[in-house]
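This report concerns only the one structure given below.
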Amino acid sequence: MGKSSEIEFLRVMGDRVVPIEVKSGQRTRAKSLLFYRSKYSPELLIKVSANNLQREAGQLFNYPLYLAVKIG
């Protein structure tokens, strides 16, 4: 059985495609986003989780679940 990686959403924002990964808790690792970044080099990455709004690393932003409708 091989490993898989999945991005929940791809959103077009202006002239770029932004991957969005959704996590259910506060202890989150964005393995799929990191794999996506290494393969496609997007300008922006978004993770939605129970954590607060924050910029995590470079172009990776975390949005809390309640702000997910405000992305983009």
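Here, each number is a calculation from the coordinates, and none is a lab measurement. Nothing here was measured: the structure is a model prediction, and the numbers come from that model. We place every Cβ from the backbone using ideal geometry, glycine too, and count neighbours over all the protein chains shown.
Restricting to bridges with both residues inside the chain, how much of the DSSP beta-bridge set is antiparallel, in percent to the nearest 5? Each step should come with its number before you reach the end.
Working: 8 of 16 bridges.
Rounded to the nearest five, the antiparallel share is 50 percent.
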Scoring the range 1-51 by relative contact order with C-alpha pairs under 8 Å, at least six apart, yields a percentage of 38 percent
Which of the following values of mean projected area of the Cα convex hull in nm² was calculated from the structure shown: (1) 7.1; (2) 5.2; (3) 4.9?
-> (2)
How far is it, in nm, from the label point at VAL22 to the one at SER4 when both lie 7 Å from their Cα along the line to the Cβ?
-> 1.6 nm
What nm value, rounded to one decimal, do you get for the distance between LEU67 and MET13 when each label is placed 7 Å out toward the C-beta?
-> 1.1 nm
